[in-house]
Every structure is written in structure tokens, then in C-alpha cells.
There are 2 protein chains.
Amino acid sequence: MKRLRIALAQINPVVGDLPGNAKKIVSSIKKARRKKADIIAFPELAVTGYPPEDLLLKPHFIQDNRDALLSVAAATEGITAIVGFVDMNKGIYNSAALISHKKIIDVYHKRYLPNYGVFDEQRYFRAGSVFPVYSFAGINIGVNICEDIWHRKSPAVAQAVNGAHIIININASPYHTGKALEREKMVSSLASRCGVIIAYVNMVGGQDELVFDGGSFIVDREGEVLSKGGLFREELMTVDLAVKRGRKMLGGKDKNQLKTALKGYGPVKKMKIASAVLKTERTELRKRISQRLHVSEEVYQALLLGTRDYVRKNGFRGVVIGMSGGVDSALVTTIAVDALGRENVHGVFMPSRYTSVESREDAFGHAKNLGISITPISIDKIFDAYLKTMSPYFKGTKRDITEENIQARIRGNILMAFSNKYGWLVLTTGNKSEMSVGYATLYGDMAGGFAVIKDVPKTMVYKLCEWSNSREGWDLIPARILWKEPTAELRPDQRDTDSLPPYPLLDPILKAYVEEDRSFDEIIATGCDIQCTRRVLSMIDHAEYKRRQAPPGIKITERAFGKDRRFPITNRYKNY
Amino acid sequence: MKRLRIALAQINPVVGDLPGNAKKIVSSIKKARRKKADIIAFPELAVTGYPPEDLLLKPHFIQDNRDALLSVAAATEGITAIVGFVDMNKGIYNSAALISHKKIIDVYHKRYLPNYGVFDEQRYFRAGSVFPVYSFAGINIGVNICEDIWHRKSPAVAQAVNGAHIIININASPYHTGKALEREKMVSSLASRCGVIIAYVNMVGGQDELVFDGGSFIVDREGEVLSKGGLFREELMTVDLAVKRGRKMLGGKDKNQLKTALKGYGPVKKMKIASAVLKTERTELRKRISQRLHVSEEVYQALLLGTRDYVRKNGFRGVVIGMSGGVDSALVTTIAVDALGRENVHGVFMPSRYTSVESREDAFGHAKNLGISITPISIDKIFDAYLKTMSPYFKGTKRDITEENIQARIRGNILMAFSNKYGWLVLTTGNKSEMSVGYATLYGDMAGGFAVIKDVPKTMVYKLCEWSNSREGWDLIPARILWKEPTAELRPDQRDTDSLPPYPLLDPILKAYVEEDRSFDEIIATGCDIQCTRRVLSMIDHAEYKRRQAPPGIKITERAFGKDRRFPITNRYKNY
């Protein structure tokens, strides 16, 4: 029985920060060496951060990333490291360097390049066609990258058939609800099918619209989870793996199936890694129960990390939030305080003639509970100035959405003034239901740098608040915020339901149309009201121009707005 | 000698308007039949419009597009039509249907799917692998799509080697400066190399950020342009082609080269089209000089068409523009009047305490020259209301960019109020130089639905104004607008050069960094000042968050902002 101590470095790089990321990688290598690990694996594109987008088109960026890799290589005395970076050879490749004893032994090129959803990898990378198996003191290891393991014709299969005992799959896999479970199921099934141990290492951290959730794990060749890393935090996992000499052999039928699956693959090359590195201590395999979070906790943690990283990685010290006394701004403020500390969160309450006493009480009550400052600034005088200035040009017209939008835009201007004066980032508070139907004012409540709950449907906003209160054990978010009727308070006695169906009816229609590409007929077949559905779909289509100018926000569903859903503004398609 | 009358239908479809596009196609078919054409070819994805983006992910959209194709097919009595649509067979394909006598004879699938720049075709489509040659009353025809003809291993080569006399290449090729010439050169060289006639049909019209410039053309087998369609307008070209029996044979060496180039291709199938359709009259080939526009005229026409189509296709009747008396708003207003008619263009002049007499004179003078209304609205009272409201919170701070941005955002709010009240689209007036370095106020002068000159560098803005005046034969744009120093007038005696290098120095740096991916070292090697270049590159990088919330605008350079340049906001890469 051979033993191998493997370390999975679930790190949080910053896109483009080549020296910073290299430093972080080297620091993990040092820690892993102290823990006597034989091998340490880093996430996909750990050197550049993920996704580097069009930075990849700059030849000097590619060169600088290779220099950064060399600086990492110089720190691999006495250990073997697998490091994601961009390799160049005529074209560029999403790659994993196998570095041992300061020497780059081999470079693996990703075979399957995702080009759907938020991914644009075929815009940049060429596909690899060689799937090596490395022999490491008698233990055979195959390395591959992210999407490679999801494909029916996975390089992992080729590597298993060619004798790999262990597959190391490095990832930058972004979060959406339920994704962690999908990954474990798929990897577990592959491991037991191929009779290999699979180590899955994921990135962690927020990058613009994406949150990488970590949750790295190792499954044995029966597909059982041996060990699992934390969610939404950096971690250096080490696991001792025992590999029987001769390994679990595949049965004749299984083996033939795998060999058949191999047709059309490029060559599998076998390489040896110096075995001098192997100094493993004897330890026993431990089985750990796979960690699972409640869906509300999972989403909340994603929003927390996404917000913290956007704010910090972009160099802001504080944030400013328009607190209306409603549920959306309550959730955003709660998350912001959790993510950044209360001293870095600044609430502004901007009442008008239409603002209720309850709204004021709720906004101030919540701010008090959180221990943050809240500044009341009436917009009425500015609003009057607009009305007076515009009155000659609006003569003979009725009050309409124009006057409502002016109010929202005054609030946007005030928040931006705080941002400009004090360097605080404005967090917007719109949810996915509003973003979908365009129930939001462009340059008004949509004005800001980061839209924390842009991908959170309104019904889930309530659930997250309830989860947060139950975690706290008291009504940190005042209870009335959760049961009173939602209103924009832009005219007397306004209610969201004046313009929209109730959210429990609205949200399923939105999900069906936006996330699942259902047709009108399919949606009404589920029992949704015909008139209501028609109106909602039309609102979604017509709001595309607003979404195009919305700030980025955190993806938590299978399909978010932004890079995940690319829609024409000019679009006359109507299926309803 | 056989003769064939070919019609190229350079049409302007609307994305998603399946019934409208089908109607337009049928109408061209009827015209072509009256002109006794044997074959009519339409642009790439003529049925859906281009690019349909994520509409392609909706199965019902694909089904509806196929139904629209069937309705087109029903109208092809007595003629053969080549029609771009989306075919489905497990996956979907960017396709050309060959329809003859109401029957769909064959469907060609695009081989090369562009996935760079503004293109995302690998997000949606599978690649074709069969390259038929159709025999049409003894004349052999190969059909392929757009990118197919640009590739070293073009399906056109396979079709030529397999006996095609004529290649019909259908396109949705968006405009950038100089693109028309590139196309002609490439197609001409391919035609003479392969000894085939090539008919290149392009789409025309604006679609969000893109303008398709038309300019369809036919080259003979010596690579000479036989005929060329208009630029920036719909047109039905008909050309009579004479094909010698036995065609120009390729020499042994050429033929071998082509055959070698064929390796790795899928099968070429030969198919016959009923020859009953052929009723060509005898006419002579005519050579026409290829039409060329001056670069300023070309860009101006692109902006004109892009603006007209965005406004009309999105159902707006009028537009409103903040006229400052500066050169940017002067150009945008001139284009808008040209595109939409003066009765549909509404100028608003919004002076403050910092606005000069010259600005007022120039804005009003220009409006008078154009014959449009211009409404003066002072922002001073509203500005005072903001200053007063904010004063307790800004106590002890200096006046800075905050107060400047408040002014710009008041103007944005006023323009949006006109938009909301009267249904006019706000056209923004920022140019590419400003967009690059972020010399613009988010939600201020950046507020609006469409950014006409977003991709036009400031130095080109001047050239376009000069070209426009010289075309008019008088100073339609008052001369002072073109020679006075640019200023935002947001504080006393402000000049653009307080914050930026002079535009003739700035624009080449921007082009090198944004459009050509040059490194800092490469840029200063061309003689640019080190400090200045460093500061400019840093400004470009830091303005990404603003650009992400900018309205769409018309691409006229090789790389525009928007879908063409996909950059992370969170990005610490620094090469300077």
C-alpha cells in the first residue's frame, strides 16, 4: 500500500493581480510543505484569477502570467505543485503546470472549453488534446481542468483507463444554488465508475458577478466523500490517500466500455515525476460527512462573500445604502454589515411627502439594531425645485411616472454625491423580480456600483431575512419590515401590487421565462393566469434596456442577468 | 455559354420579427421574379435578424423561425431562393436554405462560427461539415455563410475544387472603418485563386451596437468586381452571369494545392436543382467601378443608419438631446436630424452659473440652422436646492468633483423627465475618448438610451463635423464650435485639458491600448510621454465600471466598448 499526502489549496486570487496571486500561491506551498504534503493543487487559472476576460487578448499579460508562474516554480523545493495558469504555444491554453522540485515537468491543456452561460472560453483558448498520466513514486496521477470532468468523453476517463490511481481536477466553478451537490454527485459517480480517487479543488471568492464557493473535496474510488473543504472561505486541506498496489482493477466489461469511450482522444502520454519528493507519514483514511448548508444560508454566504470581495478588491473602504424601511434595503444593509463591519456601512434615509411614519421607524429601528449610522435627508425641497423648473414644459400634462422617477433619481444623485465626496461605494437594493419586469428607476434606485441582491427573487429576499433573524435569535430586521405590504412610496398610497401581481405569483413566471426559457404556452399550462402572464412577459422583454445599464450583481441562480443572459434590446420577438 | 440572372437582396430585418422579416423576404422574392431572376440570395439569418443572441436558447423561437421559413418557401414559385435561418437537428445551426419551386431542396450549415469580437456564435451553434455543390441547369453553385469564406480552409475552396462555377456567400457582416475594402480584397483574391465567380450578399441596418453596411458585390473569376450594391441602404441587385461550359480549369499545380487544402473536410455532396426554373435573357456582363466613400462619409452614414434604426426599431417617435454648445452634442444633433427629420429632434439647453455666453449662442445658433426646437432650462435653482440640502453633510469639505457631478446628474434627470413625459429617447453625446478615460458623469451626461458617438474618438468628431459642413456647403455647425477649446463648464474656467492631454495626443494612446492591445512599453516606444501615458492607461482601467453602465452605442472602429471588449471591473493588472 502506497500513501500520498495531498493538499488542496482553496485560494481567493484577484483577477489580474499576478504578483499578489503568485505570493498567495507560494505562501500555500510553504504551508503545505510544513504539513509534509507530497502534492499541492491550486484552482484553475490561480495565477491570473478567473475569469480574466479580454486581459487574455493582451500578449504582455500572457507573458507576465508566465513570469509569475516561474516565480512560483522557484518556490517548489521538496514538493510537487499543480498550478493553473495560461500557457502560450501559437495560441493560448487554459493550463495546469505540474511543477516538481523547482522544475516545470509538464503542462496540461484543458480539453473542454465552456462557452455558455457566463463562460466565454472559446473566445480565448485553444483546446488541448493530450492527457498525460504522471507516475509519482508508483502512484499514477492524471490532472485535468474543470469542464473536462463534466464531459461524457472526459480526459479523466482516458487517464483512468491508462492507469491513473488519482485524478486531480482543478476548478474555477462559480456558485449557484444547488451547484455544490451537482458537483459532488457527478464526481462521485465518475470516481466509482472509473475506480479512481478524484480530488476536486475549487477557487473561492467574488469576482464581479461571480462567486466561487470553494467546497473542494476528495472522493475515493467507491465514490464516497473522504474529505471536504469549507464553503465560501479560503482553506488549505490536506488528506492522506492510500493507494493499493495494482489498484482496484476494472472488470472486463467496464474496461472495454472505457476503452471504447476513449476513441477519438488524442494521445495519452505517460511521464514520471522524481520520486525523491515522497516522504509520506502513515495515517489512516478518514471519512467525513459532507457539509451541507440550508439553501438560505448558502445564498446568504454567497452574497456576503460576493459583496465583501467586490468592495475590498476594488479598494473601497466603505459603502453607502439608501435605507427605505423596506425589505430589500434591509437585507442589503444586513449583508453589508456582516461583510464589511458596521463602521464601514453608512445608511441614508431619504423621505419625501409620500414616505410613511412606519418606513422611517423601520429604517431607523433596523439601523439601530445593526449599530450603524443613518442620515435622514429629505428630498422634498429638491423635488420642489425640479417641479418648479419643469412646470412650464409639463403644462397641461398629468402627473405620471415622470414625477415618480424624478424622486428616485434625486435619491440616486444624493447617494452618488456621498460616494463622490467620501469615496464610499453605493450598494443598490433592487431584487431580481424588479430587475426582471423593470420595476425600478434607471439612474434612480438603480444608481450604484454594485447590486447585491440583483439575482435574488423577492420571495427569496423574505426568506433570507427570516433566516438571518432566526440565526441571530431575535428580530435584527424589524418584524414589520417582513410583514407589511411592499411599496415604492413614490405617490400617495402606492403598492407594488398596483403594478405587479403578488410576488408569490410573479416569481414562478419569472423563473420559467428568464431562467428556463419556457414559452408562453408552457407557462400558462402550469396554471398561470393568461392575461397576467402575457403582461409579465411583455414587461420582461421591454426592460432589457434598463438591465443593460444596471450595475453588476451577484449570480446565485442558474441564470442571472448580465453576462449570463445576453439579450438584444432591439427585439420584436413575441411568443405571447 | 450558360447564363444566370442572380439577385442579391440586401435587406434590413429586425431581430426577432419573424413575421415581418418573412414578409420582407417574400416581397424581395416577388420583385426578383418580376426581374426574371433565376436565383435570389438573402443575408445570413435573414429570417431571425442578426444577432438574435439568447433568443436562440428558446426552443419556441427556433420553432417559430422554422415556421417563418416555411411561409417563405411557399412563395418561391418559379424561382430559387437562398435564405438564412436557424436549422435544428439535435443542436442548432446557422444555416442557408436552398429553396426552389416551393420546395426546400437542401440546408447548408455554417462551418466556421466566429467567437471573437462582438461574435458569440459558438455559444449557440454547432458547426456544419458538409459542403454541397448544386447543379443548376448545368451551372454548379456552392453556398456558404459569412466567416466560412474568410478561413484558410474555406468550404468555398472545397466547393470550387468540386466543380462550383459560382459561390454564393451570405453575410451579416457588421461595419467598421475600412471593412468594406477588406472584404472585397479577400473575396477577390479567393475568386481568382479558385477560378470561381463569388457573390457576396450582406445585410444592412442597425441592431443595437452594430451597423450592417450592405455593400454586397459580385466578383468574376479573375477577381474583378462586376457589380456592387449601395452602402447603408436596402437594395435588390440583379446581375447576369455568363458561365462558360467547362469553366476556367485550374492548372495542375493550383488544383493539387486546392485538393491538398481539402484534407480534413467533411464530404462534399453534389445535388441537382430542377432546371425548369432557368429562363435567363441574354445580357452582357457589365463592369462597374467599386463604390468608395470618404472615411468621414462612411462613418457618418454608419452613425446615421445606426441611430435611425435604433430609434425606429424600438418604436420611438422622437429623441431629446442635451445641447451644450460643444462639438459632441453638435455632431449628435446633426446626425439625429439627418436620421429622423427635424420635427423629431428636441434640443434642450441646460445652463448653469458656469455656462458661457458663447455656449448659449452656439447651441441656439446650431439649433436655428438645423430648424429644430431648443428649450432653455436653467439648472441653477435645482443645483442650489441640492447644495442646500447637502450642506450639513458636506460641512468642512472642499468643493470637488462631487458638485460637478451633481450638475451633470441634474441635466440627466431633466432629459429623462422629458423622455418619461413625452416618450422621447434620450441620445447621449459622449465620445470614445471620454468613454475611454471616464471623463463623463455616470447617470449625468451618460444618462440616456443610445450613445450615438460612443465609439468615435474626439479627433474624429471634429473631422465628421467638418465633413458635414463641407457637404452642406456652409457652416451648418457654427464654426466657433469647431475651433473653441472644449470644456465641460462644471466649474469656473474649466478646460478639458485641465484633466486630459490634448486630444491629438490622447487619441493615439487610446487606440493603441484599447483597440490594439499594446503594452505600456510599446506605447512609449512610439514617442508618447511616459507620465502622460501612465496616467492615461490608469484612467482607462479605472473607468471600466462606468462603461459597464453606459448605454449601447454604434461600433465604428475595430474594437468598440460593449460586447466587443469584455473587461473585468475587478482587475488589478497593471503593466505601467
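Of everything in region A:29-61 that's within 8 Å of another protein chain (Cβ to nearest Cβ) and of a type in the set (A, V, I, L, M), which residue is farthest from the chain's Cα centre (by Cα)?
The extreme case among them is A:57.
When residue A:477 is evaluated against the numbered criteria (1) in a helix (DSSP H, G or I); (2) farther than 22 Å from residue A:557 by Cβ; (3) in contact (Cβ under 8 Å) with a residue 24 or more places away in the chain; (4) more than 10 Å from chain B (Cβ to nearest Cβ), which criterion, by number, is the only one it fails?
Residue A:477 satisfies every listed condition except (1).
Can you tell me which condition residue B:385 does not meet? The list is (1) surrounded by 21 or more Cβ atoms within 10 Å (Cβ to Cβ); (2) free of Cβ contacts under 8 Å to residues at least 12 places away in the same chain; (3) under 21 Å from residue B:428 (Cα atoms), and all the others hold.
(3)
It is to be established whether one or more residues within region A:70-80 are under 26 Å from the mean Cα position of the chain (by Cα) and surrounded by 22 or more Cβ atoms within 10 Å (Cβ to Cβ). Working first, answer last.
Taking region A:70-80 and keeping what is under 26 Å from the mean Cα position of the chain (by Cα), we get none.
No, region A:70-80 contains no residue that is under 26 Å from the mean Cα position of the chain (by Cα) and surrounded by 22 or more Cβ atoms within 10 Å (Cβ to Cβ).
For the condition in contact (Cβ under 8 Å) with a residue 40 or more places away in the chain, of a type outside the set (Lys, Arg), touching a helix residue (DSSP H, G or I) at 6+ places or on another chain (Cβ under 7 Å) and surrounded by fewer than 24 Cβ atoms within 10 Å (Cβ to Cβ), what is the one hit in A:455, A:507, A:517, A:445?
On the way: A:455 fails: surrounded by fewer than 24 Cβ atoms within 10 Å (Cβ to Cβ); A:517 fails: in contact (Cβ under 8 Å) with a residue 40 or more places away in the chain; A:445 fails: surrounded by fewer than 24 Cβ atoms within 10 Å (Cβ to Cβ).
One residue alone meets the criteria, A:507.
Only residues in region B:549-565 that are closer than 14 Å to residue B:309 by Cβ and within 11 Å of chain A (Cβ to nearest Cβ) count as the first member; pair them with residues that are crowded, with 19+ Cβ neighbours inside 10 Å and of a type in the set (Asp, Glu), Cβ under 9 angstrom, at least 6 apart or cross-chain, and list the lot.
Partner pairs satisfying both residue conditions: B:552/B:208; B:552/B:209.
Could you list, in sequence order, the residues of region B:30-56 that are part of a helix (DSSP H, G or I) and closer than 17 Å to residue B:239 by Cβ?
We begin by selecting, within region B:30-56, every residue part of a helix (DSSP H, G or I); these are B:30-34, B:53-56.
Result: B:31, B:32, B:33, B:34.
How many residues are touching a Phe, Trp or Tyr at 6+ places or on another chain (Cβ under 8 Å) and either in a loop (DSSP other than H, G, I, E, B) or within 9 Å of another protein chain (Cβ to nearest Cβ) (or both) if we restrict to region A:415-430?
Applying the first criterion (touching a Phe, Trp or Tyr at 6+ places or on another chain (Cβ under 8 Å)) to region A:415-430 yields A:416-418, A:421, A:423-428.
Of the ones still in play, those that are also either in a loop (DSSP other than H, G, I, E, B) or within 9 Å of another protein chain (Cβ to nearest Cβ) (or both) are A:416-418, A:421, A:423-424.
Total satisfying the criteria: 6.
Check off (1) of a type outside the set (Lys, Arg); (2) within 30 Å of residue A:118 (Cβ to Cβ); (3) within 14 Å of chain A (Cβ to nearest Cβ) for residue B:539 and give me the number that stays unchecked.
(3)
Just to be sure before I move on: is residue B:368 in a helix (DSSP H, G or I), without any contact (Cβ under 8 Å) to a residue 12 or more places away in the chain, under 23 Å from residue B:489 (Cβ atoms) and within 14 Å of chain A (Cβ to nearest Cβ) in the structure I sent? Even if it seems obvious, please write down each step before you answer.
Details: in a helix (DSSP H, G or I): yes; without any contact (Cβ under 8 Å) to a residue 12 or more places away in the chain: yes; under 23 Å from residue B:489 (Cβ atoms): yes; within 14 Å of chain A (Cβ to nearest Cβ): no.
Criteria not met by residue B:368.
Got a number for residues in region A:17-31 being out of contact with any Leu (no Cβ under 8 Å at 6 or more places or on another chain) and under 23 Å from residue A:137 (Cα atoms)?
Qualifying residue count, region A:17-31: 2.
Exactly one condition in (1) more than 16 Å from residue A:22 (Cα to Cα); (2) touching a His at 6+ places or on another chain (Cβ under 8 Å); (3) not in a strand (DSSP E or B) is not met by residue A:76; state its number.
Unmet condition: (1).
Checking residue B:91 against (1) more than 25 Å from the chain's Cα centre (by Cα); (2) away from chain A (no Cβ under 14 Å); (3) modelled with pLDDT of 95 or more, which single condition isn't satisfied?
(2)
Any idea which of (1) within 24 Å of the chain's Cα centre (by Cα); (2) among the small types (Gly, Ala, Ser); (3) more than 9 Å from every other protein chain (Cβ to nearest Cβ) is the one residue A:16 doesn't satisfy?
It is condition (3) that residue A:16 fails.
Go through region A:163-188 and report how many residues are surrounded by fewer than 17 Cβ atoms within 10 Å (Cβ to Cβ) and small (Gly, Ala, Ser).
Residues in region A:163-188 being surrounded by fewer than 17 Cβ atoms within 10 Å (Cβ to Cβ) and small (Gly, Ala, Ser): 2 in total.
For region B:376-399, how many residues are assigned to a loop (DSSP other than H, G, I, E, B) and either basic (Lys, Arg) or more than 7 Å from every other protein chain (Cβ to nearest Cβ) (or both)?
Looking only at region B:376-399, we keep the residues that are assigned to a loop (DSSP other than H, G, I, E, B), and these are B:377-379, B:395-399.
Now restrict to residues that are either basic (Lys, Arg) or more than 7 Å from every other protein chain (Cβ to nearest Cβ) (or both): B:378-379, B:395-396, B:398-399.
Counting residues in region B:376-399 that are assigned to a loop (DSSP other than H, G, I, E, B) and either basic (Lys, Arg) or more than 7 Å from every other protein chain (Cβ to nearest Cβ) (or both) gives 6.
In region B:97-140, what residues are in contact with a strand residue (DSSP E or B) (Cβ under 6 Å, 6 or more places away or on another chain), under 24 Å from residue B:58 (Cα atoms) and part of a loop (DSSP other than H, G, I, E, B)?
Within region B:97-140, B:110, B:113, B:126, B:128 qualify.
Look at residue A:354 and say whether it is crowded, with 22+ Cβ neighbours inside 10 Å, in contact (Cβ under 8 Å) with a residue 12 or more places away in the chain and touching an Asp or Glu at 6+ places or on another chain (Cβ under 9 Å). It would help to see each step written out before you state the result.
On the way: crowded, with 22+ Cβ neighbours inside 10 Å: no; in contact (Cβ under 8 Å) with a residue 12 or more places away in the chain: yes; touching an Asp or Glu at 6+ places or on another chain (Cβ under 9 Å): yes.
Answer is no for this residue.
Restricting to region B:169-216, give me the number of residues that are charged (D, E, K, R) and within 30 Å of residue A:546 (Cα to Cα). Quick ask: steps written out before the conclusion?
From region B:169-216, those charged (D, E, K, R) are B:179, B:182-185, B:193, B:208-209, B:213; that's our starting set.
Retained after the next criterion (residues that are within 30 Å of residue A:546 (Cα to Cα)): B:208-209, B:213.
Residues meeting the conditions: 3.
Would you mind finding the one in A:61, A:85, A:42 that is assigned by TED's automatic domain parsing to the domain that holds residue A:118, buried (at least 23 other Cβ atoms within 10 Å of the Cβ) and within 30 Å of residue B:515 (Cβ to Cβ)?
Numbers: A:61 fails: buried (at least 23 other Cβ atoms within 10 Å of the Cβ); A:42 fails: within 30 Å of residue B:515 (Cβ to Cβ).
Being assigned by TED's automatic domain parsing to the domain that holds residue A:118, buried (at least 23 other Cβ atoms within 10 Å of the Cβ) and within 30 Å of residue B:515 (Cβ to Cβ) holds for just one of A:61, A:85, A:42, which is A:85.
Answer with yes or no whether residue B:408 is under 28 Å from residue B:560 (Cβ atoms), touching an Asp or Glu at 6+ places or on another chain (Cβ under 6 Å), within 11 Å of another protein chain (Cβ to nearest Cβ) and in contact (Cβ under 8 Å) with a residue 40 or more places away in the chain. If you could, list the steps in order and put the result at the bottom.
Values: under 28 Å from residue B:560 (Cβ atoms): yes; touching an Asp or Glu at 6+ places or on another chain (Cβ under 6 Å): yes; within 11 Å of another protein chain (Cβ to nearest Cβ): yes; in contact (Cβ under 8 Å) with a residue 40 or more places away in the chain: yes.
Criteria met by residue B:408.
Here's the yes/no breakdown for (1) touching a Leu at 6+ places or on another chain (Cβ under 8 Å); (2) of a type outside the set (Val, Ile, Thr):
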residue: B:15; (1), (2): yes, no
residue: B:33; (1), (2): no, yes
residue: B:41; (1), (2): yes, yes
residue: B:49; (1), (2): no, yes
residue: B:64; (1), (2): yes, yes
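Only strands (runs of 3 or more DSSP E) wholly contained in region B:141-217 count here; list those with 3 or more residues that are more than 26 Å from residue B:126 (Cβ to Cβ).
Values: elements: B:166-170, B:197-201, B:204-207, B:210-213.
Strands (runs of 3 or more DSSP E) meeting the threshold: B:204-207.
Given the options B:306, B:315, B:322, name the one that is farther than 23 Å from residue B:157 by Cα, modelled with pLDDT of 95 or more and surrounded by fewer than 16 Cβ atoms within 10 Å (Cβ to Cβ). Show your work before the answer.
Values: B:306 fails: surrounded by fewer than 16 Cβ atoms within 10 Å (Cβ to Cβ); B:322 fails: surrounded by fewer than 16 Cβ atoms within 10 Å (Cβ to Cβ).
Unique residue meeting the criteria: B:315.
The values are calculated or read from the model by the stated rules, or taken from the named source; none is laboratory data. Here the structure is a predicted model, which is why all the values come from computation and not from measurement. Cβ atoms come from the backbone with ideal geometry, glycine included; neighbour counts cover every protein chain shown.
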